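Have a look at the structure below, then the notes.
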Amino acid sequence: MWDVVTLSRIQFAATVAFHYLYPPLSIGLGVMLVIFESLWLRTNNPLYHQLARYWTRIFALTFALGVASGIVMEFEFGTNWANYSRFVGDVFGSALAAEGIFAFFLESGFLAVLLFGWDKVKRSTHFFATSMVCLGAHFSAIWIVVANSWMQTPAGFHIVDTPMGPRAEITDFWSMVFNPSSMHRLSHVLCGCWQAGAFLVVSVGAWYLLKQRHHDFGRACVKYGLLVGLTASVLQIVTGHISAEGVARNQPAKLAAFEGLFETQPRAPLYLFGWVDEQERKVHGLAVPGLLSWLVHGDTDRAVTGLDQFPKEDWPPVNRSFQFYRLMVAIGFGMVALALLGSYHFWRGTLESRRWLLWLLVLSVLGPQIANQAGWFAAEIGRQPWIVYGIMRTAEGVSPNLSAHTVLASLVLFTFIYFLLFAVFLYLLNEKIQKGPDAEDLVPTGKLALPFKPTQVG
């Protein structure tokens, strides 16, 4: 039977993994909505109006599921992680309050105008509301990443003794916000969000092209989805490298686990793939000698810190960290290659004759989601055994007097509910995709006189 700590970790991981399906889509789709609506304002082409309205409906669905699934996490901090919540309450309270003020109120305040104001407000006013919802979604990501990054690289605080035990209190709010890993991790997270939204748009557009339905709509989805997706995918590689350099500086044990590096050594190898034997302290796989030293230090002769520099009890689970990290990186490079290939054939006008490529683009929606999940698992598993890196161990953060049977029962119940919610999400999403864009969305309010055909994509 698993103990309370393990079950609580599994429950929180399941909750966050389910929740993390939706905010990246909302953030990425918010960017696509701004692009489509700005194109409509600039060109008066009703096709862009149709694109904006269609994807607004998908955005509303993902936003609703994200809010519903996120509420559960707030309660789990108190039910399962009371000691941790007590310790970090001052820090997390500030970050979550900032999210409420700068993100949630901004996003929810303009959401009604975005969803229901198409025929009730001026086009410029509606575009402003769309932009504010998109900005609010990004602000939400900022403050959540700040809070999580503080757990990885705590800064701007001191520890005080209280009758209930030690507690972290903020001494410098901006040092807490701009802790050593927050901006690196934020840029990496946002690129993953942009990918998630862009490749959902690409996937739906490619599906319509395969089925020879809504041709102009599908081509526009593929065109602008690939444009954003390729940009985000290239930036994802850049920000990922910068983030990894930060991990090497601030969490060397985590980087050693990511790379299966048990001994500190110059010309440290980088394994392209492999399997870590934690008992023998070896990695069986294909390695490039010196590449890890060059990526971390820009010099193949510089030594990279290995796990031998840390007590065994402070080691993360090495093989799991190693595998999740490689899965994320492999998908990241794969998304760049797919976006380049799709863009090349789109601009040459040969995409629609490459049905195998259209099918790959349909499936591309899975890539960012799997990579986002793998990256989050790698980051959190690699932080173990610490819940606040170097300060508080995960086992110390669990609620007192919490029984394993209680956690197991709630884990089974919540998992069942999550599966039901996910099934509802897929059903509604599929229903909207099968229905396709509404024909009446092609004619904006006012019936603008256009100097071109409505089917023109540009």
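Across the stretch 269-306, the number of residues qualifying as in contact with a His (Cβ under 9 Å, 6 or more places away or on another chain) and farther than 15 Å from Q323 by Cβ comes to 3. Restricting attention to the stretch 143-174, the residues that are assigned to a helix (DSSP H, G or I), within 24 Å of G382 (Cα to Cα) and either over 24 Å from the mean Cα position of the chain (by Cα) or aliphatic (A, V, I, L, M) (or both) total 5.
Can you find even one residue in the stretch 258-273 that is in contact (Cβ under 8 Å) with a residue 60 or more places away in the chain and charged (D, E, K, R)? Yes: the stretch 258-273 contains one or more residues that are in contact (Cβ under 8 Å) with a residue 60 or more places away in the chain and charged (D, E, K, R). Could you tell me whether the stretch 115-125 includes any residue that is buried (at least 18 other Cβ atoms within 10 Å of the Cβ), in contact (Cβ under 8 Å) with a residue 24 or more places away in the chain and not small (G, A, S)? Scanning the stretch 115-125, I find no residue that is buried (at least 18 other Cβ atoms within 10 Å of the Cβ), in contact (Cβ under 8 Å) with a residue 24 or more places away in the chain and not small (G, A, S), so the answer is no. What do you reckon, is V145 at pLDDT 85 or above, within 25 Å of S8 (Cβ to Cβ) and of a type in the set (V, I, T)? So V145 fits the description; yes.
Residues checked against (1) at pLDDT 90 or above; (2) part of a loop (DSSP other than H, G, I, E, B); (3) more than 30 Å from the chain's Cα centre (by Cα); (4) surrounded by 16 or more Cβ atoms within 10 Å (Cβ to Cβ):
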{"residue": "A374", "(1), (2), (3), (4)": "yes, no, no, yes"}
{"residue": "F377", "(1), (2), (3), (4)": "yes, no, no, yes"}
{"residue": "L411", "(1), (2), (3), (4)": "no, no, no, yes"}
{"residue": "D441", "(1), (2), (3), (4)": "no, no, yes, yes"}
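Please indicate, with yes or no, whether at least one residue in the stretch 397-408 is under 30 Å from S203 (Cα atoms), among the aliphatic types (A, V, I, L, M) and crowded, with 16+ Cβ neighbours inside 10 Å. Looking through the stretch 397-408, none of the residues is under 30 Å from S203 (Cα atoms), among the aliphatic types (A, V, I, L, M) and crowded, with 16+ Cβ neighbours inside 10 Å.
Among residues belonging to the stretch 175-192 that are assigned to a loop (DSSP other than H, G, I, E, B) and of a type outside the set (A, V, I, L, M, F, W, C), point out the one that is surrounded by the fewest Cβ atoms within 10 Å (Cβ to Cβ).
Taking the stretch 175-192 as the starting set, the residues that turn out to be assigned to a loop (DSSP other than H, G, I, E, B) are 178-181.
When the remaining residues are screened for being of a type outside the set (A, V, I, L, M, F, W, C), the result is 179-181.
Values: N179: 22, P180: 18, S181: 26.
Residue satisfying both the conditions and the ranking: P180.
Out of L190, L261, one residue alone is of a type outside the set (S, T, N, Q) and under 17 Å from the mean Cα position of the chain (by Cα). It is L190. Can you confirm whether L21 is within 23 Å of Q369 (Cβ to Cβ), part of a helix (DSSP H, G or I) and touching a residue at least 12 places away in the same chain (Cβ under 8 Å)? Taking the combined requirement at face value, the residue does not satisfy it.
Listed by position, the helices (runs of 4 or more DSSP H) contained in the stretch 33-128 that have at least 3 residues being more than 25 Å from the chain's Cα centre (by Cα) and over 25 Å from K435 (Cβ atoms) are 82-99. Residues that are within 30 Å of G78 (Cβ to Cβ), of a type in the set (F, W, Y) and surrounded by 14 or more Cβ atoms within 10 Å (Cβ to Cβ) within the stretch 92-114 comprise F92, F102, F104, listed in sequence order.
The values are calculated or read from the model by the stated rules, or taken from the named source; none is laboratory data. Since the model is a prediction, treat every value here as computed from it, not as a measurement. Virtual Cβ from ideal backbone geometry, glycine too; neighbours counted across all protein chains shown.
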